[in-house]
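The values are calculated or read from the model by the stated rules, or taken from the named source; none is laboratory data. Computed from a predicted model, the values in this text were never measured in an experiment. Neighbour counts are summed over all protein chains in view; Cβ atoms, including those assigned to glycine, are modelled from backbone coordinates with ideal geometry. Note: areas computed on protein heavy atoms with side chains; ligands, DNA, RNA excluded. Shrake-Rupley method; radii C 1.70, N 1.55, O 1.52, S 1.80 Å.
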Amino acid sequence: MSTNGKIYILAMISFLVGTSQYVISGILDKIANQLGISIEAAGQLITVYSLIYAIGTPILMAVFAKMERRKLLLFSLSVFIVGNLIAMIAPGYSLFMVARIVMALSAGVTVVTVLSLAAKIAQPNKKASSIATVVMGFTASLIIGVPIGRFVASAYDWKLVFLGVAIFVLLALVVIIKTIPKTHGDQPIPLLQQIGMFKKPKIALALSITFFLMSGYGIVFTYLSPYLVQTTGMSDHVLSFALLILGIASLIGSKFGGFSADKWGITLTLKRGLVLNILSIILLTFITSSINTVIIILTLWSFAGWSSGATQQFNLATISPKSSDVLLGLNQSMMQLGFAFGAAIGGLAVSQLSISSITWMGSIPVIISLIITFVLSQYLMTEKKARQSVGKQIRA
């Protein structure tokens, strides 16, 4: 099999893992009804998943750092299958929560491993594009996986979604054994060394942008399906279509973020994306009577959110080039922590205020993210001037 073929297999794995993670948001109301729990309690399934993912992944990757990568991928995916099967047979909330924890731990290891494999097996001049292809698998899970999950949950049973994921991952194991070559692990990077990166102001600021951006996204996206059903009266079919549109917008946003960052610069792209994110979600607070208008506004919101997320990847890769791998890994953890925090805050908003409050609540963390972006911009400018001044003194 060609190298490109192997990369697409890894992308398919990321698609399956992403579907298992994100599909919960699309069927949250269905889960709540069948398990006999509140919407906000169901939302904690997302909070716990993201929290366990963020904390557990760097620890487990440090433990398994030297393990041969194909073997580690097969192991993590096997555990992932078990988690999905537990979710399918879980009779109640507690066991389903256990299933989410198992899936989160195995998914985190899987994601890092497929990204590592993509970089290792790709041709030297195609490493970046190969990693981008694998990342596209996650985006595709929003475009295809979440709407299909909603359709299956509406037409049959939401538990069949997890059975389907388990079956496809099982088939993927066979394909991996036959196509993906064995590759050596890396030397582990101590956790204290990773945490020590936060002592540098520009890195702490950059990672906090991700945290607050994802917090705002988590507040809205976690409860988006019940919000649309309750405030606009969307049917299941229209909701599936709306989720599909949002997924496509996220894909376009990711591509545009990279293009814009190259053409107009990282800072300007990030600022524009965050402003559009804030304006669109605040606008949604006042417009719920027209389903078509709501879908258009949410499309802008999804586009802005994912364009900002893609730009942040470029931002962290350039802000400290010598530490780019560590920073991108920390960024993944900050994304999950932010999403977990947002889902938790969203649950409080739904229980203490109303489901409609998630829109303006979701704008607050993004506003904070925008403010931090301006602060970081000024810091980097000052740092650049200081370096230029030192350079002139040396030349003199």
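Ranked by solvent-accessible area (1.4 Å probe, protein heavy atoms only, all chains present), the residues Asp29, Asp236, Asp262 order from largest to smallest as Asp262, Asp236, Asp29. Each of Lys271, Lys385, Lys66 has its accessible area taken with a 1.4 Å probe; listed largest first, they run Lys66, Lys385, Lys271.
So, for the chain, what is the accessible surface per residue at a probe of 1.4 Å, expressed in square angstrom? All intermediate terms of the calculation are to be shown ahead of the outcome.
Numbers: 17190 Å² over 396 residues.
Per residue, the chain has 43 Å² of solvent-accessible surface.
In percent, rounded to a whole number, the relative contact order of the chain is 25, using alpha-carbon pairs under 8 Å and six or more apart. For Phe64, the solvent-accessible surface with a 1.4 Å probe is about 50 Å², rounded to the nearest 10.
Which pairs in the list Lys178/Lys255; Lys182/Lys255; Lys271/Lys385; Lys6/Lys182; Lys159/Lys255; Lys200/Lys384 are over 24 Å apart, alpha-carbon to alpha-carbon? Could you put the intermediate results ahead of the total?
Working: Lys178/Lys255 32 Å; Lys182/Lys255 31 Å; Lys271/Lys385 22 Å; Lys6/Lys182 12 Å; Lys159/Lys255 33 Å; Lys200/Lys384 15 Å.
Violating the 24 Å Cα-Cα cut-off are Lys178/Lys255; Lys182/Lys255; Lys159/Lys255.
For the chain, with all protein chains in place and a probe radius of 1.4 Å, 70% of the accessible heavy-atom surface sits on carbon or sulfur. Among the protein heavy atoms, those of Phe15 account for about 40 Å² of accessible surface (1.4 Å probe, every chain in place).
Quote the accessible area belonging to Phe341 in square angstrom, nearest 10, computed with a 1.4 Å probe and with ligands, DNA and RNA left uncounted. So the heavy atoms of Phe341 present about 90 Å² to solvent.
Within the shell of other residues whose beta carbon sits under 15 angstrom from the beta carbon of Phe151, the net charge comes to 0, with Lys and Arg scored +1 and Asp and Glu -1.
Please report the net charge: other residues with Cβ closer than 14 Å to the Cβ of Thr311, K and R +1, D and E -1.
Numbers: positive: Lys255, Lys263, Lys271, Arg272; negative: Asp262.
Surrounding charge for Thr311 is +3.
Assuming a ≥ b ≥ c are the square roots of the Cα gyration tensor eigenvalues, decide whether the stretch 58-183 counts as rounded (a/c under 1.5), prolate (otherwise, with a/b larger than b/c) or oblate. Prolate.
Around Gln378, what is the net charge, scoring Lys/Arg as +1 and Asp/Glu as -1 over all other residues with Cβ under 13 Å from its Cβ? Present the calculation step by step, with values, prior to reporting the outcome.
Values: positive: Lys202, Lys271, Lys384, Lys385; negative: Glu383.
Neighbour charge sum, excluding Gln378 itself: +3.
With each run of n ≥ 4 DSSP H residues scored as -39500 (n - 2.57), what mean residue ellipticity at 222 nm is computed for the chain after dividing by its residue count and rounding to the nearest 500 deg cm²/dmol?
On the way: 16 runs with 334 residues, N = 396.
Taking each H run of at least 4 residues, the total per residue is -29000 deg cm²/dmol.
Listed highest first by mean packing, meaning other Cβ atoms within 10 Å per residue, what order do 174-182, 272-280 come in? Could you put the intermediate results ahead of the total?
Values: 174-182: 12.7, 272-280: 21.3.
So the order, starting with the most tightly packed, is 272-280, 174-182.
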